[in-house]
Amino acid sequence: MLTARWLHKFALLSAANLGSAAYAEGAITLAGWGGTWNEAYKTGITDPFTEKTGISVVLDEWDGSLARVRAMVEAGAVSYDLVSIEAPQLEMGCDEGLFLPLPASVTAQAPHYLPGTLHDCGIASDTWATVLVYDGTKLTNGPKSWADFWDVKAFPGKRGLGGQALYTLENALLADGVAPSDIYTVLATPEGVDRAFAKLDEIKPHVVWWSSSSTALQNLDAGEVVMTDMYNGRVTFDNENNGKDYRIVWEAGFLYGTDLWALVADAPNPEGAAAFLEFFAVPENQAGFPRLYGYGTGDARVYDHLTEAQRSRLPTSPDVIGYGASYNDAFWAENLESLEQRFKVWQSQ
Amino acid sequence: MRPPQPLRPSALRGQVPYLLMLAPLVMFVLVTVVVPVALFLFRAIDNRELQAGFPQTAAALSGWSQAQGLPPEPAFAALIFDLAKAQEEGRAAALAARLNQAVPGSRSTVIKTAKWAATADLQGASLREDVLDQGKAWHNPALWSVIAHETGRFTSYYILTTLDLKRGPEGQLQRLPAEEALFLTILARTLAISLSVTAICALLALPVAHVITAARPRMATLLLAMVLLPLWTSLLVRTVAWIILLQGEGPVNATLQWLGAVTEPLRLVYTRGSLIVTMVQVLLPLMILPVLAVLKRIPPEQMRAARSLGAPWWMAWRRVQLPLLWPGLMTGAGLTFTFALGYYITPRLIGGEKDQMLSSFIVFYTDKTLNWGLAAALSLQLLVILALVAGLLAGLHRLTTGRVR
Amino acid sequence: MRAEFWRIRIARILTGLVLAYLLAPLLVILPMSLTSGSNLTLPGPGWSWRWYELVLSDPRWLDALGNSLIVGLGSTLLAVLLATPAAVALAWGKFPGRQFALALIATPLVLPIVILAVASFSFYASAGLLGSRLGLILAHAGLSAPVVLITILASLRGFDLGLMRAAASLGAPPLTAFRRVLLPLVAPGVLAGAIIAFVISFDEVVIASYLTTAEQRTLPRVIFSGLRESISPAIAAAAVLLILASTLLLCLAAALQRPKDR
């Protein structure tokens, strides 16, 4: 495309004064999820890394969009070395060659990692779960299971659920008595999908759909919903910083998801990125983040470096991992579009 | 109208400086707007991936139809050849993604098969069994049918999908099954929201325009400024303000509770109602201004004359003023409706899941599933509707202004 | 005429209500931004400037403000440089295809912003212009150039080319004629167009969220992502600043556009 190429040249010419900031020599650029997540990562992981290796880190904030990575790689203008990306996107990006395989020293740690947390192209930057939550100040005898979540007679009031197929179909099957580890064997069949939607039919009139975590928790706080599904880290954050008493019902069963550090093809500083990955793969170093934040890690050895209180809020800690199972990213990588479409049709009926 | 006179060469020469002055902007708009949009819309019919993906397999499948079940052995051999080539050329992942759009659940099988095909030692093996062993997807004749039929440079797949249609096994048009038929619902919803916003704007604009026209000049200027002020503030800011106003603990609910009208806060935000309230507020000035412009040109004596002849006010207004107001109302309605059709930020922030309009789905397929073909087809649909509305309004405008004259 | 009296009354009351409805959100956001609490409730626990202090001291907001200014000024400059000669050409030229050129230039005005944003995203990606301020400047200039063009065209309407010829026939060199005759006539239109162009860029969020990464984040984008995470009074404070900025600028633009003979 001639015009595009022309624009590119123009961009290169003017990059010096107008383009994005110049990077310090030897620095690496990481793209994280922003806000408090980035703050905890900086204090817990990247600052100690810089102290140890002398490699400075620019911790940027991004939206986790694979389209953006693809665009950068295709244009030969990669500005990130490592990105934290959701597992289904990692799966697709790895297939397309947008991410590079991890150093062998990192992948050799595989036996210590939980399912889904170490991939050819990525190592878990954090693990999180969508959990059943209620407000402890409003319900003294709260729900114990996803079946209770569906039981509008025993627990009258509206429920909050994320307005998408991902997570919601799993929750419906949990409520229908499917064990967390069996969810995807059920969901892989057309009958299983029908079963999930049939279960959702039961609760549909009682659901307030949320599209951002802030609205979901506001609804819970205002008593507009009596219980909701929510990311565990967000719940812990509000409990610890805003004096809330939201209760996470781990024993109801949950699925955990993984964000992974992935090495972008044509990264500007691959050596620095590899050094970071090697530093990060040491359990003691990796503990820096879950110590500060309610998100877990993939390496089971990390928990030895955490206190009881720190462990209690993590979805992948040995205390609660028995109630949970991993989201199946390969399943969602190929069924996301068709199931989301069906979900939207179902929602608008 | 006279036919345009061809310019004499000498006259045209005098125009060269003007053309040179105009050229940079035209070029700029072409490069930064027209070309990108055209290239993007082209994705709605682009089928290069599949066309380049399976030349051998498609040839081997000629004469085969989905009704016969799985294809014959040569098709399997051709598939291995095509996939091995795609894998070597780095096209396999994109090909798998494309096939997965047509037959959900086939992605991982295609990728696995491509990797295998590029490295497998094929001597003496049953190719058919080997391929079928790679995954369930190859047992599905529908997947083979896509490879057999989508062989052209262009595809109607995305555009048909946006109309809730698909091609059947024999290439005939079929409706999508009810649980997949999403897009006509979205289209109807987008039109319904835009229409109601336009109608409400028209109803609210009329008294305001009348009052401003009748007011003394100073007052009229002040009133006009009050209409214009919201037009000058950003869409985002106004939407934020409505969220704050309407939320559970917001002033509207507080007032209602203080008045004793409700005991529990009402759910006002993230509903169809809050969306329409916000959109009307945002778009109303666009309706008031053209109505006002027309109304100012109508001499007040006309109404007085009609009234003095004994016509009741309502009758006089309807028969005398309304026809004169039509062009203004039409312009306003056209502006409001076309702007409303493309709304994204406002529904995203203040609407519920059931109030998302076409633009939200363009974003969804661009960002979340990377199905740019479908996003482009939805964009095309939106643009076609915009063009139809514009054409309709131009026609109506000609009709009404013609009648007035 | 009693019915007439009531009809006018009712129309006035209705107008008052509609105007209140139009202005309410702008008015309510002000007390919200001045609350001393951290929730957006009315009435708040007390008054304070703390959220303005936060917005004007937090590097996240300040960087965004800086980016917005750079992109706004850059795209305005570009739009004005491109649109001014084009407006003169369209106003005075007699060449065929002027209507078509105008329609082409006006495309961005009718194009749904999401389509433009998504299309620019895939196009700028292939040009390597994602995540650069230059990319956003180009995109915003494309959006605002037609508005500048129309504003200048309006100020040129009724201006007689004969004046230039008269100046020439009185012996003025072309440059002097341009400086003394044309420039004063066009200047208000150009300035007004420039201000509107700046406001368009300063407020735009959809294209900005596609073309920028965190580093070039503009003010509206920070507000937008803030809304998705948590609604804090800081957003109201930033919104008030945006309203003030655009209102001041646009009042200036309106004053400039007012015909002198009135």
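Derivation of every value follows stated rules applied to the coordinates shown; laboratory data play no part. None of the values given here were measured: they were computed from a predicted structure. Backbone-built Cβ (ideal geometry, glycine too); neighbour counts: all protein chains shown.
Considering only chain A, what is the antiparallel percent among its DSSP beta bridges, to the nearest 5?
Bridges in chain A are about 65 percent antiparallel.
With N denoting the number of residues in chain A, provide Rg(C-alpha) divided by 2.2 N^0.38 Å, to two decimal places.
In units of the globular-protein estimate, chain A measures up at 1.05.
Out of all DSSP beta bridges with both ends in the protein assembly as shown, state the antiparallel percent to the nearest 5.
Taking every DSSP beta bridge with both residues in the protein assembly as shown, the antiparallel ones total about 65 percent.
If the limit is 31 Å between Cα atoms, which of A:K42/A:K344; B:K85/B:K166; A:K42/B:K368; A:K158/B:K368; A:K244/A:K344 go over it?
A:K42/A:K344; A:K244/A:K344, as the Cα separations exceed 31 Å there.
Taking a ≥ b ≥ c as the square roots of the eigenvalues of the Cα gyration tensor of segment C:1-90, is the shape rounded (a/c under 1.5), prolate (a/b larger than b/c) or oblate?
oblate
Under a Cβ-Cβ cut-off of 11 Å, what is the net charge of the residues other than C:L65 that fall near it, where Lys and Arg count +1 and Asp and Glu count -1?
0
Restricting attention to segment A:118-159, which trypsin sites (Lys or Arg not before Pro) occupy a DSSP loop and are surrounded by at most 10 other Cβ atoms within 10 Å?
Within segment A:118-159, the qualifying trypsin sites (Lys or Arg not before Pro) (loop, at most 10 other Cβ atoms within 10 Å) are A:K153.
Ordered by residue, what ³J(HN,Hα) values in Hz, to whole numbers, does segment B:255-266 give under the Karplus form 6.51 cos²θ - 1.76 cosθ + 1.60, where θ = phi - 60° and Gly and Pro are x?
Coupling constants for segment B:255-266: 5, 4, 5, 5, 6, x, 5, 9, 9, 9, x, 7 Hz.
For the protein assembly as shown, what does the convex hull of the Cα positions come to per residue, in cubic angstrom?
Considering the Cα atoms of the protein assembly as shown, their hull volume per residue is 215 Å³.
Hey, if you put +1 on the Cβ of every Lys and Arg and -1 on every Asp and Glu Cβ in the protein assembly as shown, which of B:W313, B:Y157, A:I45 ends up farthest toward the positive end of that dipole?
The residue sitting farthest along the positive end of the dipole is B:W313.
How long is segment B:183-404 along each principal axis, judged by its Cα atoms, biggest number first, in Å?
65, 49, 29
Show me, for segment A:105-113, the HN-Hα J-couplings you get by feeding each phi into the Karplus relation (A = 6.51, B = -1.76, C = 1.60, θ = phi - 60°), rounded to Hz, glycine and proline as x.
4, 7, 5, 5, 7, 2, x, 8, 9
Rounded to the nearest 10 degrees, what's the angle between the helix B:372-404 long axis and the longest principal axis of chain B, both from Cα atoms, 0 to 90?
Taking the Cα atoms of chain B, the angle to B:372-404 is about 30 degrees.
Counting each pair of different Cα atoms once, what's the Kirkwood radius of chain B in Å, rounded to one decimal?
26.5 Å
With +1 assigned to the C-beta of every Lys and Arg and -1 to the C-beta of every Asp and Glu, and no other charges, what is the dipole magnitude of segment B:114-197 about the Cα centre in debye, to the nearest 20?
340 debye
Can you compute the charge dipole magnitude of chain A about its Cα centre, using +1 on each Lys and Arg Cβ and -1 on each Asp and Glu Cβ, nothing else charged? Give it in debye, rounded to the nearest 20.
660 debye
Could you list the chymotrypsin sites (Phe, Trp or Tyr not before Pro) in segment C:1-87 that lie in coil according to DSSP, counting only those with at most 10 other Cβ atoms within 10 Å of their Cβ?
Answer in residue order: no site qualifies.
Which lysines have a Cα less than 23 Å from the Cα of B:K296, not counting those fewer than 8 places away in the same chain?
Within the straight-line cut-off, B:K296 pairs with C:K260.
Please report, in Å, the Rg and the Dmax of chain C, where both are computed over Cα atoms only.
In order Rg, Dmax, the Cα atoms of chain C give 22.9, 73 Å.
About its Cα centre, how strong a charge dipole does chain B have in debye, to the nearest 20, once Lys and Arg get +1 and Asp and Glu get -1 at the Cβ?
2480 debye
Where in chain C are the DSSP H helices whose C-alpha atoms run 24 Å or more along the long axis and whose mean Kyte hydropathy is at least 0.5?
Correct list, ordered by number: C:2-33, C:59-92, C:133-156, C:183-203, C:233-257.
With a cut-off of at most 12 other beta carbons within 10 Å, and DSSP calling the residue loop, which GluC sites (Glu not before Pro) in segment B:50-137 qualify? Please list them.
Sites meeting the loop and neighbour criteria: B:E89.
Would you work out which of A:A165, B:S145, B:L176 lies farthest towards the positive end of the dipole of the protein assembly as shown, given +1 charges on the beta-carbon of Lys and Arg and -1 on that of Asp and Glu, about the Cα centre?
B:L176
Among the aspartates and glutamates, which fall within straight-line cross-link reach of A:K52, defined as a Cα-Cα distance under 15 Å, with same-chain neighbours fewer than 8 residues apart omitted?
A:E278, A:E284
Can you give me the long-range amide H partners of A:L132? Hydrogens built in the peptide plane at 1.01 Å from N, cutoff under 5 Å, separation of 5 or more residues or another chain.
A:V249
Residues with beta-carbon under 9 Å from that of B:A118, excluding B:A118: net charge, scoring Lys, Arg +1 and Asp, Glu -1?
Net charge around B:A118: +1.
Along its principal axes, what span do the Cα atoms of segment C:60-180 show, with the longest given first and each in whole Å?
Result, largest extent first: 58, 34, 23 Å.
Which one, B:M303, B:L283, B:V262, projects farthest toward the positive side of the charge dipole computed for segment B:196-329 from Cβ point charges (K/R +1, D/E -1)?
Value: B:M303.
I need the Kirkwood Rh of segment B:49-152: take the reciprocal of the average 1/r across all distinct C-alpha pairs and report it in angstrom.
13.3 Å
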